[in-house]
Amino acid sequence: NGYHGFVLIREGTVVGDVWYLDFEEKKKKTMHPDLKLLGLEPGFKDVYAFDMFVDPAERGSNVGCMFMGWFLFELKIRGFLRIFGYYWADYFPALWMHRVLKFKELKKVKMWRFFLIRGSY
C-alpha cells in the first residue's frame with residue numbers, strides 16, 4: 001500500500017516500530033483510512049505516521065520518546081516538512097511524548113468504533 005516503517009531492534013528482538021505514509025510519490029493511489037476520519041489533507045512534503053508500537057516491557061523507560069525523536073530526525077533528513085498523526089486523548093503517555101517532542105496539537109476529533117467499523121464527527 002505504499003506504507004513505510006522504522007523498526008527498533010535490540011539484541012535481535014523488536015523493541016518498537018512506527019509506520020508512515022508519505023505523499024511524495026505522485027503515483028500514490030492509496031490513502032490511509034485515518035486521513036478521511038481526521039479530516040487531513042497532507043501536502044507533497046508531508047507524512048502521516050500511525051501504529052507506533054513499543055514493547056510493553058520497555059514502556060516507561062523513555063524508549064518511545066527516544067525512538068520517535070530518531071524517527072522525526074530521519075524524516076527531516078529525508079526532506080519532509082510536516083508529520084501528522086493522532087492518539088487517543090486519554091492515552092497520557094502518548095500525550096506526554098508528543099508534547100515533549102513539540103508537536104503542535106490540532107483540533108480534536110471525536111471518533112467512534114463498532115467492531116471493525118470506525119467513524120468520526
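The values are calculated or read from the model by the stated rules, or taken from the named source; none is laboratory data. What you see is a predicted model; the values in this text were computed from it and never measured. Cβ placement follows ideal geometry from the backbone for every residue including glycine, while neighbour counts extend to all protein chains displayed. Accessible surface is based on the protein model in full, side chains and every heavy atom, while ligands, DNA and RNA are left aside. Shrake-Rupley method; radii C 1.70, N 1.55, O 1.52, S 1.80 Å.
Per the listing Phe103, Phe84, the residue uniquely of a type in the set (Phe, Trp, Tyr), modelled with pLDDT under 85, surrounded by 13 or more Cβ atoms within 10 Å (Cβ to Cβ) and closer than 26 Å to Glu24 by Cα is Phe103. Phe23 meets all of the listed conditions (1) in contact with a helix residue (DSSP H, G or I) (Cβ under 8 Å, 6 or more places away or on another chain); (2) at pLDDT below 90; (3) crowded, with 16+ Cβ neighbours inside 10 Å; (4) of a type outside the set (D, E, K, R) but one, namely (1). Given the structure, is Ile117 loosely packed, with under 10 Cβ neighbours inside 10 Å and within 21 Å of Met66 (Cβ to Cβ)? So Ile117 fails the test. Just one of the numbered conditions (1) under 14 Å from the mean Cα position of the chain (by Cα); (2) surrounded by fewer than 12 Cβ atoms within 10 Å (Cβ to Cβ); (3) small (Gly, Ala, Ser) is not true of Gly16: (2). Looking across region 55-69, the residues that are part of a helix (DSSP H, G or I) and over 18 Å from Gly5 (Cβ atoms) come down to Pro56, Ala57, Cys65. Filtered by the rule that a residue be open to solvent by less than 70 Å² (accessible area, probe 1.4 Å) and either of a type in the set (Phe, Trp, Tyr) or closer than 17 Å to Tyr91 by Cα (or both), region 37-59 gives Tyr48, Ala49, Phe50, Met52, Val54, Asp55, Glu58. Kindly evaluate Arg59 against the criterion of being in contact (Cβ under 8 Å) with a residue 24 or more places away in the chain, of a type outside the set (Ser, Thr, Tyr) and either within 15 Å of His98 (Cα to Cα) or out of contact with any Phe, Trp or Tyr (no Cβ under 9 Å at 6 or more places or on another chain) (or both). It is true that Arg59 is in contact (Cβ under 8 Å) with a residue 24 or more places away in the chain, of a type outside the set (Ser, Thr, Tyr) and either within 15 Å of His98 (Cα to Cα) or out of contact with any Phe, Trp or Tyr (no Cβ under 9 Å at 6 or more places or on another chain) (or both).
Rundown of residues vs (1) of a type outside the set (Ser, Thr, Tyr); (2) assigned to a helix (DSSP H, G or I); (3) in contact with a Lys or Arg (Cβ under 8 Å, 6 or more places away or on another chain), yes/no style:
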{"site": "Gly16", "(1), (2), (3)": "yes, no, no"}
{"site": "Lys36", "(1), (2), (3)": "yes, yes, no"}
{"site": "Phe71", "(1), (2), (3)": "yes, yes, no"}
{"site": "Phe80", "(1), (2), (3)": "yes, no, yes"}
{"site": "Pro93", "(1), (2), (3)": "yes, yes, yes"}
{"site": "Met97", "(1), (2), (3)": "yes, yes, no"}
{"site": "Lys102", "(1), (2), (3)": "yes, no, no"}
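For region 65-120, a residue qualifies if it is in contact (Cβ under 8 Å) with a residue 12 or more places away in the chain and among the hydroxyl-bearing types (Ser, Thr, Tyr), and the qualifying residues are Tyr86, Ser120.
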